[in-house]
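Note sheet for the following structure.
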Amino acid sequence: MQKTFLSVLTAAVLLSACAPTAKAPVATAPPAAQPAPAMPNWPALAQTFLDSYSAEYQRLYTASAEAEWRSNTHIVAGDTANAGATARANERLAAFTGSTANITRLRELLAHKAELTEIQVKQLETALYNAANSPQTIADVVSVRIKAETQQTEKLYGFDYKFAGKSVTTNDLDELLRQEKNPARRQQIWEASKEIGPTLKPGLLNLRSLRNQTVQALGYPDYFTYQASDYGLSREEMMTLVRKLNDELRPLYRELHTYARYELARQYGVKQVPDYLPASWLPNRWGQDWSSMVDVKGLDLDPVLAKKGSEWQVQQAERFYQSLGFPALPASFYTKSSLYPLPKGADYKKNNHASAWHLDLDQDVRSLMSVEPNTEWYETTHHELGHIYYYLTYTNPEVPVLLRGGANRAYHEAMGSLMGLAARQKPFLAGLGLIDPQVKTDEMQSLLKEALGSVVFIPFASGVMSEWENSFYADNLAPDQLNARWWELAKQYQGIVPPTARGEQFLDPATKTHINDDPAQYYDYALSYIILFQLHDHIAKNILKQDPHATNYYGNQEVGAFLADIMRPGASKDWRTVLKDKTGEDLSARAMVEYFQPLMAYLKEKNKGRKYTM
């Protein structure tokens with residue numbers, strides 16, 4: 001890398017000679033004034049560096065993303081070629097972003113941040129933040145960490161789950177948990193979903209050490225603190241924020257928890273209602289979404305969607321965004337994405353967890369899904385395309401490559417989830433012909449189903465997950481306390497307990513994808529729900545002039561313009577400023593609490609005479 005050296009002119013040495021005494025003295029001109037040293041033009045120097053850095057960063061980022069894509073979409077047991085290629089690509093990216101020369105130069109330029117433009121400072125700070133994830137001052141540690149992460153991902157997605165003597169996918173297990181009514185059989189299904197934990201334990205403990213060592217090289221005390229700093233918050237500030245959200249929603253969650261205990265006991269034919277919910281009773285492996293407990297008559301989309309097929313769902317989600325004024329997706333989205341389950345008998349596996357990818361920080365956008373024609377995937381396709389359109393919207397000349405991200409990480413999830421919420425609203429469904437517009441539906445049951453999805457999620461995301469990873473990384477949670485801490489938090493925040501004793505021979509937190517390959521940032525999802533309700537509240541009341549519980553975004557280009565205004569700057573504007581400018585308020589659970597206020601009264605009436613345990 002180029003280094004800047006200040007040039008300083010040395011003063012000329014004046015030689016004086018004695019004049020011959022016989023001659024008259026000769027008048028001499030005073031020495032010419034020397035020019036002052038040129039002051040560095042820091043904005044120009046910063047821009048030159050950023051232009052060069054960004055071009056190389058984009059090239060290496062693309063190569064890394066392509067390799068990661070292959071590792072997630074083509075997993076062959078015993079084949080290490082993908083893992084090797086991914087590790088090499090990631091190492092090259094890490095060697096660049098964390099190079100000692102780059103770190104030195106970034107610090108030098110940021111020492112003059114007062115002279116730089118705001119957008120230059122943001123780019124330089126982003127580059128330095130990226131460097132902390134792979135500082136080449138400890139290149140050996142970074143290299144080992146990258147290899148370890150690749151190996152962990154392969155173990156995670158290549159695991160052969162077994163139930164009733166047969167190999168099953170995680171999709172199969174999820175479907176069984178939604179449908180099965182026999183508690184004993186439910187427990188077997190749930191336990192099958194946790195079998196992967198012990199396989200992942202050694203790798204996760206190793207990754208904790210490597211991740212912490214990596215960021216400590218640039219002054220962060222631990223990996224959790226590093227991740228929280230991306231919001232401009234300290235670890236303590238982030239934990240204060242997520243605990244506040246839990247406190248604000250706790251009264252409603254308490255009612256939902258009480259309702260669920262009694263309702264599930266009735267569904268499963270259990271006479272003694274338990275004080276805490278057995279984890280195997282819930283229709284989700286981690287108890288993060290209970291919405292399938294409730295079927296809203298007239299809103300059962302599965303039979304209609306089954307006839308339309310998987311492809312229709314993806315294409316319809318695209319049509320939804322186009323109706324708001326967004327462009328058609330690039331043709332490459334359909335040719336390069338992995339959108340549907342692998343064919344039966346395929347000789348390789350893929351990651352079934354839905355995700356959206358911005359492979360080149362330009363127009364190559366893809367989604368990794370396993371879309372099937374059902375309600376869950378209908379919502380998921382709208383969510384994932386929210387990410388895709390966010391990528392495409394901030395990929396514009398005003399947003400430098402380094403700032404092509406969400407206003408914060410939660411904004412990305414908020415955009416996806418907002419569209420998932422909009423796609424479930426009754427007027428919208430009726431407009432698509434998915435339900436009869438004249439159908440009578442129980443509005444309270446609809447609201448209950450929504451709360452069992454979004455409200456129930458908050459204690460898991462900002463409670464159990466965030467507290468456990470905070471303990472794991474920042475407090476260096478002891479290896480013989482990993483599972484105990486997980487279940488302590490599940491009981492405290494979710495009121496959930498394991499169906500049988502889960503000792504330290506298990507590692508139930510590691511069965512959650514994000515603990516392994518998207519670590520110490522699950523609060524993103526909790527914050528995204530808060531943001532999405534704030535955005536939805538504003539759209540419903542101020543743009544559509546509709547009841548927030550019964551909106552139809554479809555075809556409203558003013559809604560599209562409002563969302564595009566949030567998306568377009570990417571990470572070039574402070575996330576707090578964006579939220580305040582667009583909604584008029586700071587981050588708050590107000591809109592979410594208000595949205596579910598009618599349900600609160602309903603649940604209190606329903607739970608009269610029942611035992612509260614939270």
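Residue-wise test of (1) open to solvent by 30 Å² or more (accessible area, probe 1.4 Å); (2) over 23 Å from Pro509 (Cα atoms); (3) touching a Ser or Thr at 6+ places or on another chain (Cβ under 7 Å).
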position: Lys162; (1), (2), (3): yes, no, no
position: Leu173; (1), (2), (3): no, no, yes
position: Arg178; (1), (2), (3): yes, no, yes
position: Leu204; (1), (2), (3): no, no, no
position: Leu210; (1), (2), (3): no, no, no
position: Gln216; (1), (2), (3): yes, yes, no
position: Phe224; (1), (2), (3): no, no, no
Original post:
What is the one condition in (1) open to solvent by 20 Å² or more (accessible area, probe 1.4 Å); (2) closer than 26 Å to Leu282 by Cβ; (3) β-branched (Val, Ile, Thr) that Ile196 does not satisfy?
Top reply: (1)
**OP:** Quick one: which residue in Leu177, Leu173 is closer than 30 Å to Thr375 by Cβ and touching a strand residue (DSSP E or B) at 6+ places or on another chain (Cβ under 8 Å)?
**Re:** Leu173
Original post:
Does the stretch 581-599 hold any residues that are buried (at least 16 other Cβ atoms within 10 Å of the Cβ) and part of a loop (DSSP other than H, G, I, E, B), and which are they?
Top reply: Leu587, Ser588, Ala589, Phe596
Original post:
Which of the residues belonging to the stretch 514-556 are among the hydroxyl-bearing types (Ser, Thr, Tyr) and open to solvent by less than 20 Å² (accessible area, probe 1.4 Å)?
Top reply: Tyr522, Tyr523, Ser528, Thr551, Tyr553
**OP:** Consider only pairs whose beta carbons are under 9 Å apart and that are at least six residues apart or on different chains; among these, list those whose first residue lies in the stretch 466-486 and is more than 14 Å from Thr225 (Cα to Cα) and whose second residue is surrounded by 21 or more Cβ atoms within 10 Å (Cβ to Cβ) and of a type in the set (Val, Ile, Thr).
**Re:** Trp486/Val464
Original post:
Regarding Arg261, is this residue in a helix (DSSP H, G or I), farther than 26 Å from Lys606 by Cβ and charged (D, E, K, R)?
Top reply: no
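Return the residue satisfying two criteria in turn: it lies in the stretch 409-429 and is open to solvent by 10 Å² or more (accessible area, probe 1.4 Å) and either within 14 Å of the chain's Cα centre (by Cα) or touching a residue at least 60 places away in the same chain (Cβ under 8 Å) (or both), and of such residues it is farthest from His536 (Cα to Cα).
Within the stretch 409-429, the subset open to solvent by 10 Å² or more (accessible area, probe 1.4 Å) is 409, 412-413, 417, 424, 426-427.
Within this subset, residues satisfying the condition of being either within 14 Å of the chain's Cα centre (by Cα) or touching a residue at least 60 places away in the same chain (Cβ under 8 Å) (or both) are 409, 412-413, 417, 426-427.
Details: Arg409: 18, His412: 15, Glu413: 14, Ser417: 10, Lys426: 15, Pro427: 15 Å.
Selected residue: Arg409.
Does Arg266 qualify as being without any contact (Cβ under 8 Å) to a residue 60 or more places away in the chain, outside any loop (DSSP other than H, G, I, E, B) and open to solvent by 10 Å² or more (accessible area, probe 1.4 Å)? Working first, answer last.
Values: without any contact (Cβ under 8 Å) to a residue 60 or more places away in the chain: yes; outside any loop (DSSP other than H, G, I, E, B): yes; open to solvent by 10 Å² or more (accessible area, probe 1.4 Å): yes.
For Arg266, the condition - without any contact (Cβ under 8 Å) to a residue 60 or more places away in the chain, outside any loop (DSSP other than H, G, I, E, B) and open to solvent by 10 Å² or more (accessible area, probe 1.4 Å) - is met.
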Original post:
Identify, please: which residue in the stretch 226-263 is under 18 Å from Leu447 (Cα atoms), charged (D, E, K, R) and in contact with a helix residue (DSSP H, G or I) (Cβ under 7 Å, 6 or more places away or on another chain) and is, among those, most open to solvent (accessible area, probe 1.4 Å)?
Top reply: Glu263
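The values are calculated or read from the model by the stated rules, or taken from the named source; none is laboratory data. Since this is a predicted model, take the numbers as computed values, not measurements. Using ideal geometry, Cβ is built from the backbone for each residue, glycine included, and neighbour counts are taken over all protein chains shown. SASA here: full protein model, heavy atoms, side chains in, ligands and nucleic acids out. Shrake-Rupley method; radii C 1.70, N 1.55, O 1.52, S 1.80 Å.
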